[in-house]
1. Quick one: dipole size for the protein assembly as shown, taken about the Cα centre, charges +1 on Lys/Arg Cβ and -1 on Asp/Glu Cβ, in debye to the nearest 20.
2. Compactness ratio of region A:53-101: Cα Rg over 2.2 N^0.38 Å, N = residue count?
3. Among A:SER35, A:GLN116, A:ALA10, which residue has its Cα positioned farthest towards the positive end of the charge dipole of chain A, with +1 placed on the Cβ of Lys and Arg, -1 on the Cβ of Asp and Glu, and the dipole taken about the Cα centre?
4. Who wins for biggest fluctuation among B:GLY60, B:GLY38, B:GLY14 in a Gaussian network model of chain B, springs between alpha carbons below 10 Å?
5. Taking N as the number of residues in region B:6-78, what value does Rg over Cα atoms divided by 2.2 N^0.38 Å take?
6. Mind jotting down a quarter of the surface of the convex hull over the alpha carbons of the protein assembly as shown, in square nanometres, one decimal?
7. Can you give me the C-alpha center-to-center distance between region B:14-47 and region A:1-61, rounded to a whole angstrom?
8. Using a loss threshold of 20 Å², tell me which positions in region A:35-64 are less accessible in the complex than in their chain alone. Probe radius 1.4 Å, ligands and nucleic acids ignored.
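The values are calculated or read from the model by the stated rules, or taken from the named source; none is laboratory data. Since the model is a prediction, treat every value here as computed from it, not as a measurement. When we count neighbours, we look across all protein chains shown, and the Cβ atoms used for this are built from the backbone with ideal geometry, even at glycine. When the accessible area is computed, the model is the full protein with side chains, heavy atoms only, and any ligands, DNA or RNA have been set aside. Shrake-Rupley method; radii C 1.70, N 1.55, O 1.52, S 1.80 Å.
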Number of protein chains: 2
Amino acid sequence: MNSLRTGEVAQKLGLSAQTLYFYERIGLIPSPQRSPSGYRLFGDRDVARLSFILRVKALGLSLDEIKEILLLYDGESLTCQAIRDRLQHKVQELDQKIHRLQALRNELAPLVKECQSFLSQPSPDGECSALRDITGIGGNQDA
Amino acid sequence: MNSLRTGEVAQKLGLSAQTLYFYERIGLIPSPQRSPSGYRLFGDRDVARLSFILRVKALGLSLDEIKEILLLYDGESLTCQAIRDRLQHKVQELDQKIHRLQALRNELAPLVKECQSFLSQPSPDGECSALRDITGIGGNQDA
DNA sequence: CTACACCCTATACTTCGGTATAGGGTCAAG
DNA sequence: CTTGACCCTATACCGAAGTATAGGGTGTAG
């Protein structure tokens, strides 16, 4: 039944005290016990819950997603299935995001190359095609 | 010299009027001309500038990055080199982001598989290893 | 003249995950 | 008793890219 104060927990987990207050405020963790003078006293379970939060957060889940998982946990209905569904959903989201970023990258990269080749070997008309592609007009479209 | 009012430009470009005000406020576009009664009148160049903004934004540059490019443009010093530097920087950023997301995905995906195999073929101890991995303890860590 | 669509400004609010600040209380050492 | 480290609450603020709302003016058709 060892209990730690806010600063100690913060230190131990690499958070700031303010972040702990914040997590409490948004309902990610329950209000811990208090000492007679009002200091928070975090028990082992509180610290374990926070560790869990940090572990899952490091996996890339948002605080809201973690909160949802913890609600299941609090209701003792944290099943393998429930976790699986959430993780799978997250993996799908990541896949989508990765694809979108790759598409973007593949659109951008050729433009860089065009610029590069123009710089090393300017075309006769003195216009970089990438610049034209992007601005949609010539070098300076005032006209 | 056809000029469009706010709503018409918004409609044409798929923005809201509020967004146009916003772009003006943050200095992304100059204040357009006004009618005697104070209505904004967007000329061809204004619309072209907005199109450019949207085109580049769709490539994934932030409004700040676009603003920076437009400053060069306004100073008539929008060189191929300047564009190239910015684009290349952006491509590098995208590469980093993609790698981080992929690392995340590769950490998450095996957990989903573990859950899957547990669901189809529960282990004798009745515990899903992924769940154990994530929570750090058993199904319900109160103890 | 009135209704209605459209326009204007200014301000506040949104999401996300906190951080920063102000203003005060508690506790142990010296 | 005072100093200093720690703790508390409440509130405001950050970036990004807008959205929403309030409260008012304009322009035109009936």
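1. Dipole about the Cα centre, nearest 20: 400 debye.
2. 1.22
3. Farthest towards the positive pole: A:SER35.
4. B:GLY38
5. 1.09
6. Average projection, Cα convex hull of the protein assembly as shown: 23.6 nm².
7. Distance between centres, Cα-based: 49 Å.
8. SASA drop of 20 Å² or more in region A:35-64: A:ARG45, A:ALA48, A:PHE52, A:ARG55, A:LEU59.
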